[in-house]
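Down below is the structure, laid out as C-alpha cells.
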C-alpha cells in the first residue's frame, strides 16, 4: 500500500486551514488537492463503493466509469426467464448516484496505466487517479467451451449477464412446444452466483410444470456438489418429480463441447439435443482487470482482504465478482458488502491512516418456486490474508423446514432485492 | 436522509468546516447489515431498519438470535459470527445513525 505522500497530506491540511473565502479564490489548486478516486464498473460493487466513499468523505472526487446508462440486475433475472416478472423490474438508472455527487462517465474503460495512474476511456478522456477501483464483474470465457462463441450464444443463450440474453432465453422457452427438452449446462467453480444455475433450473421447471407439463429439464453439471444442494434437491423432489434431472460430474454431466447448428450439448458419454439449450459457460473477471494487469493465471484478481487492493499493482482495488475473495461467493450482496469495506479503507488511506480489520456478511436467497425461498448466509473476516468464514456462523437453513418457512423466505428474498437495489441505485 | 442533509450542509459551508470524517465510520461488520436492513425509509421489505433503534434493544435482539431464544431463518446464523463486544459496537453505531 502507498499512502498519500507527506507533502500531499501537508498540502491538504493547509488547504483545509485556508477557510471558505480562500477556498473560492484558490479553486483550481483546491480542486487538484482533492483526492481522486476512479471507479470502473456500475454494478452492485462499483456503485456501492462510489456512493459509500462520497458519503464517508465528500471532499474525495469520485468518478464512476460505466458503459451503459441503464443497469440490468442479475439477481432475480431468473424470474424474468421463467415469465414471473419483467426485465424492467431489473433495470435501474444512475440518477441517484449522480445526485450524491459522483461524477458519471458513460464510456468504456479501455486501458489502465498503473505507473502514471491513469485510465483511458473510449470517448478519448484520460482520467487520473490516486486510487482506482475496478469492479467489472465477469466476462464469458469464449475460449472455455469448444463450439461456444458469441455467435453460438445467439442460439444457445447463456443469460448470465442480464439483458437481451435473458429475454432471448425466455422467448425460446415461450415458443417451445409442450414435451420439449430443456438442457442447462452448469460450469465448474468459480463462477458468478453459485446457486444461480439451480435457481434458474427450479424456476424454469416451475414454468414447465404450470405451462408445459410434458416437458423435461436436465442440468448437465461440471461439478459433483453445488450451493444449497440439499435444499434444492429436497425441493425438486417435492415440487418437480420426474421433470427436473440433475446429472453430476461423476455421472457424466460435464459438457465438453456444444454444436449450435443442432442445439446439441456433448458430454463424454452422451449427446443431448435440446429444444432449448442454456449454456452457462466458464467465466473470468471482466476485461479491464486483465488490461490493468491485476489478474493472475486463473483469470481472477488476488486482493488484500482488508483494503481489496490488488496484490499485483498498488493503488488499484478490485471488488465483487472479479476478485478471488476466499470463502466469499460471487454474489451481489458480497459485492455490496465488499464495496462498503473498501470505501471505508479508501477513506482512511486517503487521509494517510491505516485501514481497520473488517468483517463482512453475505446473504443470498434463491427461489425454487415463487412462494418457496431458501438461503445461504455467512460471516467472514481475514485470516492470514484470506477471507475466511467465521466458525459456527452462517450456513443454509434446516432441510426439513415447513412450507410456511419457505414462503416466509420467499418474502424475505423479495425484500432482499428491494433493499440491495435501493442501497445501490435508490 | 438526515445524515445526507448534514453532509450537504458541510459541503456548502466549504473548507471552513473541518474536512475530517464527515460520517462516522462503521465498526467491523456494521456496514454489511444495510444489504438487508434498509438504510433508506420506504423500502418494501419485511426486514426492519436498524437506524435510530436503541443500542440496548439491538444488543438484546442479537443475543436472543445468537442463543436461539428468538427463532429466525438467517439472523441466528449471522449473529453467531459476532462477539459480544462486536455486537455492542455495531448496536451503538446504529443507535447514532438516522
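Here, each number is a calculation from the coordinates, and none is a lab measurement. None of these values were measured; they are calculated from a predicted model. As a convention, Cβ positions derive from the backbone with ideal geometry for all residues, glycine included, and neighbour counts pool all protein chains shown.
A few points about this structure:
- On the beta carbon distance between residue B:64 and residue A:225, with R0 = 25 Å, the FRET formula returns roughly 0.15.
- The modelled label-to-label distance for the pair residue A:150/residue A:86, using points 7 Å beyond Cα in the direction of Cβ, is 3.0 nm.
- Gyration tensor (alpha-carbon) shape descriptor, segment A:356-426, a/c threshold 1.5: oblate
- Beta bridge orientation in chain A: antiparallel %, DSSP, nearest 5: 55 percent
- Here segment A:87-133 and segment A:341-382 have alpha carbon centers that stand 23 Å from each other.
- Residues B:98, A:313 arranged by fewest to most Cβ contacts within 10 Å: B:98, A:313
- Residue with peak Gaussian network fluctuation, chain A [Cα springs, cutoff 10 Å], from A:396, A:183, A:294: A:396
- Residues residue A:177 and residue B:24, FRET efficiency given R0 of 41 Å [Cβ-Cβ distance, rounded to 0.05]: 0.10
- For chain A, a Gaussian network of Cα nodes joined below 10 Å ranks A:354, A:107, A:99 by mean-square fluctuation, and the top entry is A:99.
- Quarter of the Cα convex hull surface for chain A, i.e. its orientation-mean projected area (nm²): 21.4 nm²
- Using every pair of distinct Cα positions in segment A:143-283, the Kirkwood expression returns a hydrodynamic radius of 14.9 angstrom.
- C-alpha long axis of helix A:403-425 to longest principal axis of chain A, angle in °: 30 degrees
- Peptide A:407-420 has a mean shielding of 4, counted as Cβ atoms of other protein chains within 10 Å of each residue's Cβ.
- The angle between the Cα long axis of helix A:164-175 and the longest principal axis of the Cα atoms of chain A comes to about 10 degrees, rounded to the nearest 10.
- Relative contact order for chain A, counting Cα pairs under 8 Å that sit 6 or more residues apart, in percent: 18 percent
- Computed over segment A:143-283: relative contact order in percent, which uses C-alpha pairs under 8 Å that are six or more apart: 36 percent
- Take every Cα pair under 8 Å whose residues are at least 6 apart in sequence, average their separation, divide by the length of segment A:51-197, and the relative contact order is 21 percent.
- Viscosity 0.692 mPa s, temperature 37 °C, Stokes-Einstein D of segment A:245-296 from Kirkwood C-alpha radius, µm²/s: 248 µm²/s
- Against chain A, whose longest principal axis is taken from its Cα atoms, helix A:229-239 shows a tilt of about 40°.
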